[in-house]
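> Just passing along the structure, written as structure tokens.
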Amino acid sequence: MKKVVLQIFISIALTSSVKAQLSYNNGLISTGTLTKSGVAAPTVPSQHEWSECQNNTGNTTQSNNIFGFDGYFNGFNTDLRVFDDFTIPFGQTWNISSVDAFCYQQNFLGNSAPLDVFRVRIWSGFPYLVTSTVVSGNMTTNVLDTSNSQDMFTLRISNTQIPSPVTPPEETRRIWRIRGNITANLSAGVYWIEYQGRAINNAIFKFIPTTTIGSRGNGNANQYNVISNTFSSLSDTGNPFSAPDIQQDLAFRINYTNPLSSQEQTLDSKIKVYPNPVLDVFFIDFDGAQSIKYDICDTMGKIIKSGKTNNSIDSKDLSSGLYILCIEVEGQKVYKKIIKN
């Protein structure tokens, strides 16, 4: 059973607006710059990260061994689609503008994404049930946004520590973000996102499952085979063969705006952050709270600093750049841009 919003990525628009630019992330793919065995990720042409298959914490005999799942069509003998669910929390409305999926193609060395077709569809209800309805998208229109699909500088590898004997990390599975432009206006509820793609060389590629350090996972992603009209769960069969199969979640991101309620707009107008740009210490001016909980995130949504404050935050330890300050007061969250000089 799931889901709550696992992580919210915020990139506040540079122009003033009553809408917050947000992203729902269904799970992470990176496990860091060091493998479990201590091998550093490549640094050329940029710092890379690993996406290493995981074992459950404390289990030294079993690990995941599936790098990704088929969700491709080739116009000949293969037509596979993958789907997973997401939840819009109570009281929210998402104006969706695009979705991101993550994939690799073995030994692909191109400078742009390996796909030339990406199809996306959103369902209310489990896909293909007679009681379910399509709320946006279809499985015929190519919604690929090539210019906003990119190399993630992340390499998918097997577990380098468990079980023995292990395989040294390989640099043959480079993960790409695949963006599809799709619009939908959705209220609170449970939805399912379905997608598939075609490689530019018409060959096999794999969509990436979420990867959580210290866990083999616990998801409910599925695959639909159009040709055979059959469904199957997307499960990691484990290593060794005796390890139990574990159903996985797919790694995807939904980009949307969430119109602020009148209460949130009023609260936003009450909170002042200054000086901005900031050199060292900045202040939060709000009369309605004695202590304010805050997170400071970079523009990719990674939390850099968090804590509680009465009215001031020291930013000396932050590098120069743009940050997003998330302030939680009166049960509401307000987001402010901060520029650190």
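The values are calculated or read from the model by the stated rules, or taken from the named source; none is laboratory data. The structure presented is a predicted model; accordingly, all values stated were derived computationally and were not measured. Quick reminder, even Gly has a Cβ in these numbers, built from the backbone with ideal geometry, and neighbours come from all protein chains shown.
> If you check Ser242, Ser233, which single one turns out to be at pLDDT 90 or above, under 26 Å from Ser98 (Cα atoms) and among the small types (Gly, Ala, Ser)?
Working: Ser242 fails: under 26 Å from Ser98 (Cα atoms).
After applying the criteria, what remains is Ser233.
> Oh, and also: Pairs under 9 Å by beta carbon, first residue without any contact (Cβ under 8 Å) to a residue 40 or more places away in the chain in segment 116-142, partner crowded, with 18+ Cβ neighbours inside 10 Å and assigned to a loop (DSSP other than H, G, I, E, B), six or more apart or different chains?
Val134/Pro127
> Right, here's the next one. Looking only at segment 28-41, how many residues end up being touching a strand residue (DSSP E or B) at 6+ places or on another chain (Cβ under 8 Å) and farther than 13 Å from Ile157 by Cα?
Adding up the residues that qualify gives 1.
> Still on this structure: Output the residues belonging to segment 71-95 that are surrounded by fewer than 21 Cβ atoms within 10 Å (Cβ to Cβ) and not in a strand (DSSP E or B).
Asn74, Gly75, Phe76, Asn77, Thr78, listed by residue number.
> If you don't mind, there's one more thing I want to ask. Of the residues that sit in segment 96-136 and are among the polar types (S, T, N, Q) and outside any strand (DSSP E or B), which one is surrounded by the fewest Cβ atoms within 10 Å (Cβ to Cβ)?
Result: Asn111.
> Another question, if that's okay. Among what's in segment 178-189 and is of a type outside the set (Gly, Ala, Ser) and surrounded by fewer than 20 Cβ atoms within 10 Å (Cβ to Cβ), pick the residue that is farthest from Thr133 (Cα to Cα).
Per the stated criteria, the residue is Asn181.
> Go through segment 184-230 and count every residue that is free of Cβ contacts under 8 Å to residues at least 24 places away in the same chain and either among the aliphatic types (A, V, I, L, M) or part of a strand (DSSP E or B) (or both).
Of the residues in segment 184-230, 1 are free of Cβ contacts under 8 Å to residues at least 24 places away in the same chain and either among the aliphatic types (A, V, I, L, M) or part of a strand (DSSP E or B) (or both).
> Further question on the same structure: As an exercise: evaluate Pro244 against (1) at positive phi; (2) surrounded by fewer than 18 Cβ atoms within 10 Å (Cβ to Cβ) and give the number of the one condition it does not meet.
Status for Pro244: all satisfied but (1).
> Is it the case that Ile178 is in the same structural domain as Ser124 (by TED's automatic domain parsing), in contact (Cβ under 8 Å) with a residue 12 or more places away in the chain and more than 13 Å from Val82 (Cα to Cα)?
Answer is yes for this residue.
> Identify, from the list Arg156, Arg174, Arg198, the residue that is basic (Lys, Arg), under 16 Å from the mean Cα position of the chain (by Cα) and at pLDDT 95 or above. Spell out how you get there, then give the answer.
Working: Arg174 fails: under 16 Å from the mean Cα position of the chain (by Cα); Arg198 fails: under 16 Å from the mean Cα position of the chain (by Cα).
Checking each option against the conditions leaves just Arg156.
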